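Every read-out reported here was derived from the displayed coordinates using simple, explicitly stated rules and does not represent laboratory data. Quick caveat: nothing in here was measured; it's all calculated off a predicted structure. FYI the Cβ positions are ideal-geometry reconstructions off the backbone, even for glycines, and counts take in every protein chain you see.
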Amino acid sequence: MTKQRQLIFEILSEMRGHPTAEQIFLEAKRRMPSIAMGTVYRNLGLMVDAGEIRRVVIANEPDRFDHTLAPHHHMICIRCGQVTDIASGDMRAYIEKLAGLEIESYDLSIRYICPACREKYSPHA
């Protein structure tokens, strides 16, 4: 593993939440000033392809990255965009039974309003 890829994995493991490639790049640049944005994007893609990390796709938003490989799903706040893990286990067998087909993979993202946004945007706040 190259030192750039090791750094990117370290940063992703240390950062809270599900950072974007740009957020990862900014931290990588702070630690390794010579690193290029293209290096970060290329390595993130290779790491996703190798199954070392997960890509979290959110419509109309930059992709996020997740170092947690254990089966889980994501809750996305429709106000602030915060992505939170929800440990719900692997639902593959259940989905295959419903569909009557063998599936290769699936992504489940749940949209909600997080408690902080609910409080902030509450008419009673």
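Based on alpha-carbon positions alone, could you give the equivalent ellipsoid semi-axes of segment 3-66 from the gyration tensor, as √(5λ), descending, whole Å?
Over the Cα atoms of segment 3-66, the ellipsoid semi-axes are 17, 13, 11 Å.
On a full-extension model of 0.36 nm per residue, what is the gain between Leu69 and Arg55, subtracting their alpha-carbon distance, rounded to one decimal in nm?
Extending this stretch completely gives an extra 4.0 nm.
Report the relative contact order of segment 3-66, percent, no decimals, based on alpha-carbon pairs under 8 angstrom and at least 6 residues apart.
Relative contact order here is 37 percent.
List the GluC sites (Glu not before Pro) in segment 69-125 that DSSP assigns to loop (not H, G, I, E or B) and whose Cβ has at most 14 other Cβ atoms within 10 Å. Which are they? All intermediate terms of the calculation are to be shown ahead of the outcome.
Numbers: sites: Glu96, Glu102, Glu104, Glu119; in loops: Glu102, Glu104.
Filter output for segment 69-125: Glu102, Glu104.
Looking at Ala99, Val83, Leu46, which one has the Cα that reaches farthest to the positive end of the dipole of the chain (charges on Cβ: Lys, Arg +1; Asp, Glu -1)?
The residue sitting farthest along the positive end of the dipole is Val83.
Mind computing the radius of gyration and Dmax over the alpha-carbon atoms of segment 73-120? Å is fine for both.
Cα only, segment 73-120: 14.1, 44 Å (Rg, Dmax).
Jot down the radius of gyration and Dmax of segment 8-121, Cα atoms only, both in angstrom.
16.0, 52
With a Förster radius of 35 Å, plug the Cβ-Cβ distance of Lys29 and Ser88 into 1/(1 + (r/R0)^6) and report the FRET value to the nearest 0.05.
That pair, Lys29 with Ser88, gives E of 0.50.
Work out, step by step, the length gained on full extension between Glu102 and Leu46: first 0.36 nm times the residue separation, then minus their alpha carbon distance; give nm to one decimal.
The span from Glu102 to Leu46 would gain 17.5 nm if fully extended.
Spin-label point model (7 Å from Cα, Cβ direction): what's the Ile78 to Cys117 distance in nm?
Modelled inter-label distance: 0.9 nm.
Please give every one of the lysines within straight-line cross-link reach of Lys29, meaning a C-alpha to C-alpha distance under 27 Å, and leave out same-chain neighbours fewer than 8 residues apart.
Lys3
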